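What follows is a short report on a single structure.
Each value in this text was obtained by applying a stated rule to the coordinates, not by laboratory testing. Nothing here was measured: the structure is a model prediction, and the numbers come from that model. Here Cβ is always computed from backbone atoms with ideal geometry, including for glycine, and neighbour counts include all displayed protein chains.
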Amino acid sequence: MTPPRETVLFEAISTPPQSFTVRGFRVLAGLLILAAAILAAIFFALGAWPVLPFIGLEVGAVLALLVWHARASRRLSEMVLLTDAGLSIRHVDHRGRVVRQEIDAYWAKVEWDEAAPRGGKLLIKSRSRVLEIGRHLTAPEKAELAHALRAALARARRPDFDNPQLREFQNASQRDGFTPKRTFF
């Protein structure tokens, strides 16, 4: 028998912005090679031909670092998942390693420190644990995530119970044009 599936109440997946498209990378590589070829021609004309291998190595190193950065940033991701069972944060770093942390959603509190550098810090605090999320998001994106996560946590803490007797009462009162007032004790 399979276990019952958890209900997903909130899910946010964030990835860093990608620097280049493939076409943009090709354009940049072409411009770098063209600039290096012009410099190489000037140095060759001046008789400083021993500089030519260093110019080639320099351009190759720049292009290799750009490719490495693009591949590493494609792997980075962060998923915040709120279910009936709790709050789960899953980080994937630039090497592809996965770190998953579980927090009790009832005790979770979202705090956003706007004054911190690099767009502020978005923290989830639960009892003695503090987790930072959204490290590669901009300040407006962090504010939006904080607002949405606070609202989802508030909904998760306030469960709505389905009572069939109340459903029958509400359906009958709506048919009769009567809207009952809600009273809280």
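Computed over segment 5-115, the alpha-carbon pair-distance distribution with 10 angstrom bins reads 12, 26, 21, 16, 12, 9, 4, 0, each value a whole percent. Distance between the modelled labels on residue 144 and residue 21, one decimal in nanometres: 2.1 nm (7 Å Cα→Cβ projection).
Seen from all directions on average, segment 22-74 presents a Cα convex hull projection of 3.5 nm².
Summary of packing: across the peptides 102-115, 75-88, the per-residue average of other C-beta atoms within 10 Å ranks them, highest first, as 75-88, 102-115. Annotation: for a label point projected 7 angstrom from Cα along Cα→Cβ of residue 32, residues of segment 59-85 with backbone N closer than 18 Å are 59-74.
Computing mean projected area of the Cα convex hull in nm² directly from the structure and comparing it against (1) 14.3; (2) 12.1; (3) 20.5 singles out (3). Computed from backbone phi, the HN-Hα couplings of segment 129-135 come to 9, 10, 10, 9, 10, x, 4 Hz, rounded to whole numbers (Karplus: 6.51 cos²θ - 1.76 cosθ + 1.60, θ = phi - 60°; Gly and Pro given as x). Across the options 103, 91, 10, the greatest Cα extent toward the positive end of the charge dipole of the chain (unit charges at beta carbon of Lys, Arg, Asp, Glu) belongs to 103.
Distances between placed amide hydrogens fall under 5 Å for residue 9 paired with 82, 83, 84, all partners being 5 or more residues away or on another chain.
Can you list the residues of segment 57-89 with backbone N under 12 Å from a point 7 Å past the Cα of residue 11, pointing along Cα to Cβ? What the label zone holds, given the 12 Å backbone N cut-off, is 79-83. Normalised by the number of residues in segment 1-160, the mean separation of alpha-carbon contacts (under 8 Å, six or more apart) gives a relative contact order of 21 percent. For segment 39-53, backbone phi angles converted through the Karplus equation (6.51, -1.76, 1.60; θ = phi - 60°) give residue-by-residue couplings of 4, 5, 5, 5, 5, 5, 5, 7, x, 9, 5, x, 7, 4, x Hz, Gly and Pro being listed as x.
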